[in-house]
Every structure is written in C-alpha cells, then in structure tokens.
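The values are calculated or read from the model by the stated rules, or taken from the named source; none is laboratory data. These numbers were taken from a predicted model, which means no experiment stands behind them. No Cβ is skipped: glycine too gets one built from the backbone with ideal geometry, and neighbour counts run over all protein chains shown.
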Amino acid sequence: MDQLWAPWRLSYVAAPKEKPATTGPDCFMCRAVASAEDRANLLVHRTELSVVILNRFPYNNGHLLVCPRLHKGRFDELTTEELLDLQLVVRKMIGIIEKRMRPDGFNVGLNLGMAAGAGVPGHLHWHIVPRWNGDANFMPVVGDTKVISQSLDALYELLVEELKTGHG
C-alpha cells in the first residue's frame, strides 16, 4: 500500500473540535479584518467593503473565502454597495485564478445558515473553489483523504503577486 504524506493537515485533524465562533471578535474573519497581520491571517486582498481570505482547510487547491468586512450573517443585512463590491471581488478573484492556475471550472457558493452547511453562520462568505478535470478521484472515497497539491504559502504568494501587478 502506498502512503500519502500530508503533515500540514495534522493541526486540523488533531485540534479539538469546537463549535466555530460566530460573533465579532471570536470570528476568524473579523479577527483577520481587524489585524494588520494579513499573511498570518491568510488575508490576500482588501477593499473598502470586503476581504479575501484563503481557506485554512481547503476543499481543493485555490479555495478562497470572499467576505464582507463587517460581521453580517444575513443576506438582507448587506447594503447594495457591499453586495456589489463582494460580487466584483468574486469576479476579480476568479479571473486571477483562471489566469494563474488554469482550472477547468469553479464551484462558487454561499451557505446561508447552519442547516445549509455554513460553518460560520454569523459572517457571510462566498466560497470560490477551483476545479480541474479529474480532481475528484478515489482518495476521498477510499482513504477519506483529499489531496491538495499547493501549499497555502505558495497560493498566498501567487495571489498577492498577481494583485500587486494591477492585472487582477
């Protein structure tokens, strides 16, 4: 039997399973917005109304979260300006990923409420998940393991580099 080494996943697997924080200062998205340590918080892009954060435990390579800067958990709490900004940022990040990573498609979605799968129901966030033909293979089914081919550091560098060029 072959072995797959993914030591970066140990912190997730071994961590105590607590209910995710869903309020202001306990929310990882709010902490990232309030901090000046963008790299430590995996925050790659800020606008006046939204932020883009790498998913620390991604479903697939390149998995991003696009969030309003303010802690809002309901769609109807967003202003028209916030909603437009969020969607423009989703479009921008998809364009950057298409250019630099060349996926075959994307899953883009918003889970509203815990029953719909929202891990942090108190802070809206859109998932951008690049997909490649053949990226769903036997590993998740047989080995209960998802293979992510790029480190978060490498993804962070790629996105920040592209955003700095102004082409993103």
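Please name all residue pairs, on different chains or six or more residues apart, with Cβ atoms under 8 Å, provided the first residue is in the range 98-125 and is under 14 Å from Gly62 (Cα atoms) and among the β-branched types (Val, Ile, Thr) and the second residue is outside any helix (DSSP H, G or I) and modelled with pLDDT of 85 or more.
Val108/Trp126; Val108/His127; Val108/Ile128; Val108/Val129
Which one is surrounded by the fewest Cβ atoms within 10 Å (Cβ to Cβ) among residues in the range 79-97 that are in contact with a Leu (Cβ under 7 Å, 6 or more places away or on another chain) and under 16 Å from Glu48 (Cβ atoms)?
By that ranking, first place goes to Glu81.
Within the range 64-71, does at least one residue satisfy the condition of being surrounded by 14 or more Cβ atoms within 10 Å (Cβ to Cβ), touching a residue at least 24 places away in the same chain (Cβ under 8 Å), closer than 24 Å to Gly134 by Cα and under 17 Å from the mean Cα position of the chain (by Cα)?
Within the range 64-71, one or more residues are surrounded by 14 or more Cβ atoms within 10 Å (Cβ to Cβ), touching a residue at least 24 places away in the same chain (Cβ under 8 Å), closer than 24 Å to Gly134 by Cα and under 17 Å from the mean Cα position of the chain (by Cα).
Can you tell me which residue within the range 39-52, out of those that are closer than 11 Å to Leu159 by Cβ and of a type in the set (A, V, I, L, M, F, W, C), is nearest to the chain's Cα centre (by Cα)?
In the first step, residues of the range 39-52 are kept if they are closer than 11 Å to Leu159 by Cβ; the result is 42-45, 52.
Remaining after also requiring of a type in the set (A, V, I, L, M, F, W, C): 42-44, 52.
Working: Leu42: 9, Leu43: 9, Val44: 10, Val52: 7 Å.
Here the residue is Val52.
Quick one: Val120 ticks every box in (1) hydrophobic (A, V, I, L, M, F, W, C); (2) more than 20 Å from Leu159 (Cα to Cα); (3) at pLDDT 90 or above except a single one, so which number is it?
Answer for Val120: the failing condition is (3).
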